[in-house]
1. Could you derive backbone 3J(HN,Hα) for region 190-204 from the dihedral phi with the Karplus parameters 6.51, -1.76 and 1.60 (θ = phi - 60°), listing whole Hz in sequence and x where the residue is Gly or Pro?
2. For region 84-129, which trypsin sites (Lys or Arg not before Pro) pass both filters: DSSP loop (anything but H, G, I, E, B) and at most 15 other C-beta atoms within 10 Å?
3. Of all chymotrypsin sites (Phe, Trp or Tyr not before Pro) in region 5-100, which ones are in loop regions per DSSP and have a Cβ with at most 15 other Cβ atoms within 10 Å?
4. Using the Cα gyration tensor of region 1-133, with a ≥ b ≥ c the square roots of its eigenvalues, what is the shape: rounded (a/c below 1.5), prolate (a/b larger than b/c) or oblate (neither)?
Amino acid sequence: MTAPGFLPTRQLVLVDLLGLMLATRPGERAVVAVDGPAGVGKTRLVGELVAIAPHVAGREVLSVSVDGFHHPRARRDADGRTAQTHYRDAFDYDALRRRVLRPFRAGREIVTAVHDVATDHAVQPDPIEPGEDALLIVEGVFLRRPELRGEWDATCLVTASSAGTPPCGDAGLLSSAAGDEGPHHLSDERSAGAQRLYQQQARLWQPTWIVDNSDLQRPELIVPDPEEPQWFDEASQA
């Protein structure tokens, strides 16, 4: 039970994390990636950051999920349904760059999604125009892969122990369309295999921050030490 006048531990951690993010490129638009496996609570965490931002931030904070940038099912499954094809073909990073990252950097409007993975249909949401010093949080899996490294001003890796993995609010846990298990309703082997491939590629790129989300009420915020390369082995085993 929280004593009167004191904020819950989770809220304190969120405020601390948001403060670190807001210090990224002050006075101009900035992009932060929130990365981690499906099921660790990334979407919930980012939603909470956006919700508290008006109360603690002096700049606009908005978010985009990479789940809105899946390839159509036919493209995702064209070469089979393996760990390798999921890691390689699940997402349309060209569309993410074209509709979000490039225009955001240029001070223009952005489009927050191009594809509904549940219906396997293209979508056309109204564009939004972020403020001139807005902070954009991009959330999803595989975001620290080598080909995206130059897109982010900072990165946050969210982890959770298998025993403490929270009920997932991630958009990846959408109900599957008939006949389609959905890109995150994968076999355990395929999902774990894709994560292993990703971790091997991402392991040399240290995240700016790590959030251990195993205990939803008491997440732990970690700022990795560049001189201690074991950071990833510890985080990836969570």
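Values quoted throughout were computed directly from the atomic coordinates according to the rules given, and no laboratory measurement underlies them. Small disclaimer: the values here were computed from a predicted structure and weren't measured. So basically every Cβ, Gly included, is an ideal-geometry build from the backbone, and we count neighbours across all protein chains shown.
1. My calculation for region 190-204 gives 5, 5, 5, x, 5, 5, 5, 4, 5, 4, 5, 7, 8, 4, 8 Hz in order.
2. Working: sites: Arg88, Arg97, Arg98, Arg99, Arg105, Arg108; in loops: Arg108.
Listed in order of number, the matching sites are Arg108.
3. Details: sites: Phe6, Phe69, Tyr87, Phe91, Tyr93; in loops: Phe6.
Here the sparse-neighbourhood loop sites are Phe6.
4. Details: a/c = 2.52, a/b = 1.52, b/c = 1.66.
Note, shape of region 1-133 comes out oblate.
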